[in-house]
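Visitor: Shown below is the structure under consideration.
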Amino acid sequence: MRNETSRRGFIRQGVALTALSAMGSAVQAGPFGRNKDILPLIDTHQHLWDLTRYQPPWINGAPEILNRSYITKDYNAATRGLNLVKAVYMEVDVDPADQIREAEHVIALSRSSRYPTVAAVISGRPDEDSFDPYIRKFKDSPYIKGVRQVLHPETTPQGLCLGKTFVKSMHRLGEQGMSFDLCMRPTELTDGAKLADQAPDTLFIVDHCGNGDPKAFLKNPAEAPTHKAEQWKQDMAELAKRDNVICKISGIVVRAPQDHWTPDMLAPLINHCLDTFGPDRVVFGGDWPVCRIVASYRQWVHALKAVIANRPREQQKKLLHDNADRIYGLS
């Protein structure tokens, strides 16, 4: 379905964010009517951090809203009424010295039926020789599904993911049935395509719609976008040509205009990803609590549902639940 068609019925540009918040305040106000009709959610991008356990190096420079602990009870409160059934923990860029501690903690969460967390993507440094013995420790764990290293910090050299050791580490992940999340600068997505070609037996998951910026699709945005719209579209389409690459619909609300964003502003990014990757290679991610910089979890979910409302219900369910269950092997 083409973008213009799938936009019919969207919340109009002028809808205030306060109205979106009100829509999310009552469970029965969701796009699918009563609670029993709300499609189930599997969140493939659940962040948690307990600052009494470890402090990620970035925490002191983070926005004030993030500079505190976020644990499962906070997550449960944020997702209440949304029919969230499972969550996959996403690493939080801990200090390398804390990587084992982080992994052990999320394995314990995943083992317990008391928590929505059922699996995890853990931190790692694939460009280092120490990565191989590190990841081998988890080769038999049913709870560790993959690895991520955030590649977009200013201190990360361009092309890091194409280095010999990095590529070798990707092969190791494939051998162990694990994935790698591509969280990179939107201007360097072609590096992700090259990496996927060099490790064809490894699954790569493009985080946050390739870190797409909604402002790139606005006329006269107040703030310059981080990339050009057409280049991003071309690069995402190129990634989508690889059968071993899927796309995570997540994170983009953080880059929307903070005080006056609407679902329509997110639609060009979401629709392009859904149309290029197809209904079977897309998964939903909450990116909570990072999304709180601009929107609550509920606001993000309802915005996404507004954008996809005219797509077949079967495709909506694949995005929100079924694909994640299959791809991550959660059943």
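The values are calculated or read from the model by the stated rules, or taken from the named source; none is laboratory data. Just so it is clear, the structure is predicted and the values come from calculations on it, not from any experiment. All Cβ positions, even for glycine, are placed from backbone atoms using ideal geometry, and neighbour counts span all protein chains on display. Quick note on the areas: whole protein, heavy atoms, side chains included, nothing else; ligands and nucleic acids left out. Shrake-Rupley method; radii C 1.70, N 1.55, O 1.52, S 1.80 Å.
Visitor: Is it the case, given these coordinates, that R242 is open to solvent by 20 Å² or more (accessible area, probe 1.4 Å) and farther than 20 Å from N83 by Cα?
Guide: So R242 fits the description; yes.
Visitor: If Q176 satisfies all but one of (1) out of contact with any Phe, Trp or Tyr (no Cβ under 9 Å at 6 or more places or on another chain); (2) among the polar types (S, T, N, Q); (3) closer than 19 Å to G124 by Cα, what's the number of the condition it fails?
Guide: (1)
Visitor: Further question: Starting from residues that are open to solvent by 20 Å² or more (accessible area, probe 1.4 Å) and out of contact with any helix residue (DSSP H, G or I) (no Cβ under 9 Å at 6 or more places or on another chain), keep the ones in the range 175-195 and report whichever is nearest to Y89 (Cα to Cα).
Guide: G177
Visitor: Filter the range 45-75 down to residues that are farther than 14 Å from C291 by Cβ, outside any loop (DSSP other than H, G, I, E, B) and touching a residue at least 24 places away in the same chain (Cβ under 8 Å), then give me how many there are.
Guide: Looking only at that region, the number is 2.
Visitor: Look at A229 and say whether it is over 28 Å from L39 (Cα atoms) and touching a Phe, Trp or Tyr at 6+ places or on another chain (Cβ under 7 Å).
Guide: Yes: the conditions hold for A229.
Visitor: Same structure again: Residue by residue through the range 66-87, note down the ones that are among the hydrophobic types (A, V, I, L, M, F, W, C) and open to solvent by 60 Å² or more (accessible area, probe 1.4 Å).
Guide: I71, V85
Visitor: Residue by residue through the range 114-164, note down the ones that are out of contact with any helix residue (DSSP H, G or I) (no Cβ under 8 Å at 6 or more places or on another chain), open to solvent by 60 Å² or more (accessible area, probe 1.4 Å) and at pLDDT below 95.
Guide: E154, T155, P157
Visitor: Cβ-Cβ under 7 Å, sequence separation 6+ or interchain: first residue in the range 93-104 and closer than 18 Å to H152 by Cβ, partner of a type in the set (S, T, N, Q) and crowded, with 19+ Cβ neighbours inside 10 Å. Which pairs?
Guide: D93/S123; V94/S123
Visitor: Tell me which of these I122 doesn't satisfy, since it passes every other one: (1) part of a loop (DSSP other than H, G, I, E, B); (2) under 22 Å from the mean Cα position of the chain (by Cα).
Guide: So I122 meets the others, but not (1).
Visitor: Out of all the residues in the range 224-239, is one or more open to solvent by less than 10 Å² (accessible area, probe 1.4 Å) and under 25 Å from E91 (Cα atoms)?
Guide: yes
Visitor: If you don't mind, another one. Among (1) in a strand (DSSP E or B); (2) in contact with a Gly (Cβ under 9 Å, 6 or more places away or on another chain); (3) charged (D, E, K, R), which single condition is D127 missing?
Guide: (1)
Visitor: To continue, here is another question. Of everything in the range 165-174, what is among the hydroxyl-bearing types (S, T, Y) and open to solvent by 20 Å² or more (accessible area, probe 1.4 Å)? Give them in sequence order.
Guide: Hit for the range 165-174 is T165, nothing else.
Visitor: Could you tell me whether D98 is surrounded by fewer than 17 Cβ atoms within 10 Å (Cβ to Cβ), modelled with pLDDT of 95 or more, of a type in the set (D, E, K, R) and part of a helix (DSSP H, G or I)?
Guide: no
Visitor: Here is a list: I293, I249, I270. Which entry is of a type in the set (A, V, I, L, M) and closer than 14 Å to T44 by Cα?
Guide: None of the others qualify; the one that does is I249.
Visitor: Something else about it: Just one of M178, M170 is without any contact (Cβ under 8 Å) to a residue 60 or more places away in the chain, over 17 Å from the mean Cα position of the chain (by Cα) and farther than 21 Å from W58 by Cβ; which is it?
Guide: None of the others qualify; the one that does is M170.
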